[in-house]
Amino acid sequence: MLTKTRTKLLKAAVIGAGNMGAGIAAHLANAGVPVLLLDIVTDPSARNAVAERALQRQLAGGGFMRQELADLVTVGNLEDHLKNIGDADWIVEAVVEDPEVKRDLYRRIDEVRKPGSVVSSNTSTIPLAQLTESLPASFVSDFAITHFFNPPRAMKLMELVASSDAREGLTADIADICDRLLGKTVIECRDTPGFIANRIGNFWMSVATLEAMRCGLGVEEADAVMSAPFGIPRTGIFGLFDYVGVNLVPLVWGSFMRTLDAHDAHRRYDLTADAFIHRMLERGQTGRIAGQGFYRTQLVDGVRSRQVIDFVTGSYRGLRNIDFVSLSEAKGDLRKLCEGSDTAANYAWRVLSELVCYASEVGPEIAADVGAIDTAMRLGYNWRYGPFELADRVGLSWLTKRLLVEGRAVPRLLAMATDRGGFYPSGKLLNTKGTPIAPTRAEGIGALADLKTSASPVYGNKAASLWDIGDGVLAFEVHTKMNAGNLEMLDVLEAVPSVVKSGFRSLVIGNDHPRAFSAGADIGHFVELIRRRNWAGLEAFVVRGQNALRALLHGPFPVVAAPFGLALGGGCEIQLHANYVVAHAELNAGLPELRVGIVPGWGGCTRLLERFTEEYAADSIRAAKRTLEAIVAAVPSTSAMDAASMGLLCKQDAICMNRDRLMMEAKERAVVASGEYIPAANARIPVAGRQAAGSLLSAIDEAVEAGQQSEHDARVARALVRIVTGGDVTHGTLLSDLDILVLEREAILALGEAPNTLARMEHMLNTGKPLLN
Ligand code: NAI
């Protein structure tokens with residue numbers, strides 16, 4: 001059944017199959033929308049070649065959530081196939097950043113598009129008024145800017161700009177599609193150059209680049225300052241520049257220099273006029289695609305080594321050790337860093353103060369409130385904090401005082417925020433006029449964090465909590481490091497049935513972590529038990545997990561899991577024991593226990609075997625083989641759709657594109673499910689038995705002999721064979737899930753005694769990487 005949002009978009013077309021256009025087409029396909037992808041003809045004998053190559057790049061580069069989704073994309077060219085956009089509900093233009101080229105294309109689109117279809121541009125800098133100059137009013141009424149970020153699948157921000165002459169409902173319809181169907185956070189922007197994120201972000205890039213040169217810092221030194229201390233990704237400024245391409249300076253920064261007012265502070269930092277940048281452009285030192293930019297990788301004496309361009313000599317040199325007293329003493333505290341007395345400290349202060357002043361100066365022009373700007377920077381540039389959040393963190397009184405001491409002007413918004421005690425004074429935020437307002441959220445968007453300011457958990461400890469999320473729904477939240485499952489988490493999980501009984505009708509399992517639903521059972525605990533040879537403790541840990549999860553599956557109330565990001569090992573087993581799953585589209589779920597030398601032991605093998613037995617209509621040999629293969633592969637899914645193909649999601653489960661909607665969609669499912677709920681019956685599983693185990697074991701021996709599998713991997717695989725074929729029984733014996741759970745436990749205890757298992761676990765704990773012993 002199509003959702004209301006999906007019916008607004010049955011078919012789309014994307015014109016311009018470059019980085020962005022092809023990525024947008026792939027992401028539309030991820031949402032199940034058929035797309036026509038067109039580009040120019042460059043080779044008369046292969047007229048669709050540009051779009052075809054772009055599609056192949058998306059397939060290779062992970063633009064699609066599953067490879068089959070590429071079938072939803074039809075490639076073509078603008079000369080032969082433009083008329084085919086006639087049945088598209090939404091036409092996205094993503095051609096070169098040139099207003100003349102874009103306008104000319106719009107005229108051609110307007111001749112063939114169906115009345116009322118939406119046309120939008122992915123421009124990153126050109127104002128809408130300029131794009132639609134001299135176009136008919138009927139076109140402008142259906143036109144908007146939908147500015148996706150690169151890469152379109154991964155980046156959550158979408159800036160939306162519509163004309164005041166747009167038809168009623170246009171922005172709401174586009175916002176709805178981008179939010180629910182494409183999973184984006186939509187920020188409605190004003191029609192100003194670069195909208196929000198690039199207006200601030202490009203300015204920051206100019207300042208961070210030119211100030212590094214002026215302060216005499218090296219590329220790698222500037223990046224050390226412009227990353228962790230600012231809450232900015234490791235690429236810092238110059239790593240980012242290499243990624244986006246220095247070749248964009250004339251085009252994108254040039255566009256800013258042409259359109260910004262004469263008094264705009266960005267003009268003081270004009271990258272397009274910088275001699276060093278010019279020289280890099282002349283020499284083709286434009287970044288990653290060119291193989292050289294601010295960084296490059298060279299073979300030196302047969303060893304790959306990273307080099308940086310030297311701002312003084314213009315040639316490449318090896319990386320220096322980062323050695324600044326201010327950086328090491330600040331320990332990540334940005335204010336402390338700025339208070340230091342060396343070059344790194346001076347640089348940090350220069351960039352921070354320019355950034356906060358600029359955001360405060362242009363804030364009233366580009367956004368309604370400071371939250372929109374901070375959100376745009378977090379989501380569009382992957383910053384941990386936006387400029388106003390950063391300013392609040394370092395302290396506004398300190399910041400303004402220092403500006404005054406230096407004789408610099410304090411922008412009005414910054415001065416007002418200083419008077420009010422911050423850009424976010426006591427749970428509110430400032431609008432760009434400087435007035436505190438209450439934060440608002442669109443319907444259906446929610447997180448446990450919303451509750452935490454005003455409520456206390458119903459039950460919990462330092463590892464996990466139970467929350468009353470309303471409408472009779474209880475939520476179980478893990479909050480350990482990477483949400484790993486430990487003994488204390490089990491304490492809370494075990495309490496779930498009685499807490500639900502005390503006045504709830506269903507349970508949702510989810511949390512607000514940015515990356516991990518749960519990265520698995522706590523390996524540290526395993527290591528501790530195994531080092532002490534505490535086998536009784538190990539067995540108890542496994543049994544408690546099995547029982548707690550089984551109680552969820554068979555309990556008298558429905559359980560809905562809301563996994564996202566990493567759902568590995570024990571985390572995946574939690575998902576497998578929920579009665580329903582509402583998964584975020586970006587889900588890396590899997591059972592990689594083999595990598596730490598054990599098997600899934602909280603019912604993961606059992607649940608998968610049950611599922612595959614059902615899928616293969618009780619063909620126990622196929623079910624055993626498929627379960628074995630899934631666990632031995634030990635690779636997590638690359639998306640929720642991929643997880644479904646691995647048997648980790650079922651028919652009744654749902655996929656939610658927007659992470660911000662996950663919790664509320666899971667809650668909605670939990671409410672609906674409680675009305676009709678019949679608890680899951682105990683499973684009776686016909687197993688493959690001893691004979692089938694024989695052939696599976698021979699295959700493992702062959703793999704070891706052929707050098708395809710290590711001896712320890714084979715040992716884990718052999719243990720798995722015993723579990724998935726039911727142990728010492730004959731073919732077709734009916735076992736209960738409890739019988740298989742016993743086999744899981746026996747396997748873990750046996751494998752726990754192997755020194756290689758402990759070595760794998762310790763290595764994973766210390767390095768986060770698997771040991772291939
Ligand atoms: P690109 O250079 O990778 O692709 C542009 C495509 O336009 C090429 O495939 C080219 O063949 C096609 N094209 C050139 N002339 C054309 C014409 N006359 N008619 C039709 N197609 C033509 O560029 P990219 O990076 O994909 O950018 C596309 C748009 O998206 C631009 O407006 C850009 O500002 C914007 N944008 C770019 C971002 C990025 O990070 N690359 C991020 C957000 C927006």
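Enumerate the calculated ³J(HN,Hα) couplings along the stretch 107-115 in order (Karplus 6.51 cos²θ - 1.76 cosθ + 1.60, θ = phi - 60°), each rounded to whole Hz, writing x wherever the residue is Gly or Pro.
Each residue of the stretch 107-115 in turn: 4, 5, 4, 5, 6, 10, 6, 7, x Hz.
Residues with beta-carbon under 13 Å from that of ALA172, excluding ALA172: net charge, scoring Lys, Arg +1 and Asp, Glu -1? List each step's numbers first, then the result.
Details: positive: LYS4, LYS8, ARG167, ARG180; negative: GLU168, ASP173, ASP176, ASP179, GLU188, GLU443.
Residues near ALA172 contribute -2 overall.
Quick one: check the C-alpha center-to-center distance for the stretch 242-271 versus the stretch 382-406, whole angstrom.
Using only Cα atoms, the two centres lie 24 Å from each other.
Ranking CYS572, CYS178 by Cβ neighbours within 10 Å, fewest first, what do you get?
Values: CYS572 33, CYS178 23.
The fewest-first ordering by Cβ neighbours comes to CYS178, CYS572.
So if I place +1 on the C-beta of Lys and Arg and -1 on the C-beta of Asp and Glu, and nothing else carries charge, what would the dipole magnitude of the chain be about its Cα centre? I want it in debye, nearest 20. Working shown, then result.
Details: 80 positive and 90 negative charges, 156 e Å.
Value, rounded to 20: 740 debye.
If the only charges are +1 at each Lys and Arg Cβ and -1 at each Asp and Glu Cβ, what is the size of the charge dipole of the stretch 450-685 around the Cα centre, to the nearest 20 debye?
460 debye
To the nearest 10 degrees, how steeply does helix 604-615 sit against the main Cα axis of the chain, on a 0 to 90 scale?
90 degrees
Which length gain, in nm to one decimal place, applies between ARG304 and TRP535 when the Cα-Cα distance is subtracted from 0.36 nm times their residue separation? Can you show the working numbers first?
Numbers: separation 231, 0.36 × 231 = 83.16 nm, distance 4.63 nm.
Between ARG304 and TRP535, full extension yields 78.5 nm more.
Which whole-angstrom value gives the distance between the alpha carbon centres of the stretch 280-341 and the stretch 69-144?
Distance between centres, Cα-based: 41 Å.
Please compute the contact order of the stretch 197-437 in relative form: average sequence separation of alpha-carbon pairs under 8 Å and at least six residues apart, divided by the residue count, as a percent.
Details: 332 pairs, mean separation 45.6, N = 241.
Rounded, it is 19 percent for the stretch 197-437.
What is the order of LEU609, LEU553, LEU337, fewest Cβ neighbours within 10 Å to most? Show your work: numbers first, answer last.
Working: LEU609 29, LEU553 19, LEU337 26.
By the 10 Å Cβ count, ascending, the order reads LEU553, LEU337, LEU609.
What's the local net charge at ARG690, with K and R +1, D and E -1, over the other residues with C-beta under 13 Å away? Show your work: numbers first, answer last.
Values: positive: ARG722; negative: ASP728.
With Lys, Arg at +1 and Asp, Glu at -1, the neighbours total 0.
Go through 350-357, 529-536 and give me the packing order, highest mean Cβ count within 10 Å leading. Walk me through the numbers on the way to the answer.
On the way: 350-357: 21.9, 529-536: 13.9.
Ranked from most to least packed, the peptides come out as 350-357, 529-536.
What angle do you read, to the nearest 10 degrees and between 0 and 90, between the alpha-carbon axis of helix 343-366 and the longest principal axis of the chain?
For helix 343-366, the angle is close to 80 degrees.
Can you tell me which lysines have their Cα less than 23 Å from the Cα of LYS336? Leave out same-chain residues fewer than eight positions away.
LYS401
Which lysines, if any, have their Cα less than 17 Å from the Cα of LYS481, not counting same-chain residues under 8 positions apart?
Filter leaves LYS462, LYS769.
Take every Cα pair under 8 Å in the chain that's 6+ residues apart, average their separations, divide by the length, and report that relative contact order as a whole percent. Numbers along the way, then the final one.
Working: 1464 pairs, mean separation 61.1, N = 773.
Rounded, it is 8 percent for the chain.
Could you order peptides 400-406, 114-120, 342-348 by the average number of other Cβ atoms within 10 Å of their residues, highest first?
Values: 400-406: 13.9, 114-120: 17.4, 342-348: 21.7.
Descending mean neighbour count gives 342-348, 114-120, 400-406.
I'd like to know which of GLY169, GLY726, HIS525 lies farthest towards the positive end of the charge dipole of the chain, counting +1 on Cβ of Lys and Arg and -1 on Cβ of Asp and Glu.
Checking the options against the dipole of the chain, the answer is HIS525.
If you count, for each residue, the other Cβ atoms within 10 Å and average over each peptide, how do 138-151, 90-103, 681-694 line up from highest to lowest?
Working: 138-151: 20.9, 90-103: 19.1, 681-694: 17.6.
Ranked from most to least packed, the peptides come out as 138-151, 90-103, 681-694.
What net charge do the residues around SER326 carry, taking every other residue with its C-beta under 10 Å from that of SER326, with Lys and Arg at +1 and Asp and Glu at -1?
Working: positive: LYS336; negative: GLU329, GLU339, ASP342.
That works out to -2.
Using only Cα atoms, find the angle between the long axis of helix 487-501 and the longest principal axis of the chain, and express it within 0 to 90 degrees, rounded to the nearest 10.
Tilt of helix 487-501: around 80 degrees.
Under a point-charge model restricted to the Cβ atoms of Lys and Arg (+1) and Asp and Glu (-1), what is the dipole moment magnitude of the stretch 602-757 relative to its Cα centre, in debye to the nearest 20?
Numbers: 16 positive and 22 negative charges, 57 e Å.
Using only the charged Cβ atoms, the result is roughly 280 debye.
Read-outs throughout are calculated quantities, based only on the coordinates presented, and are distinct from any laboratory measurement. Quantities reported herein were computed from a predicted structural model and do not represent experimental measurements. In this analysis, Cβ positions are derived from the backbone assuming ideal geometry, glycine residues included, and neighbour counts consider all displayed protein chains.
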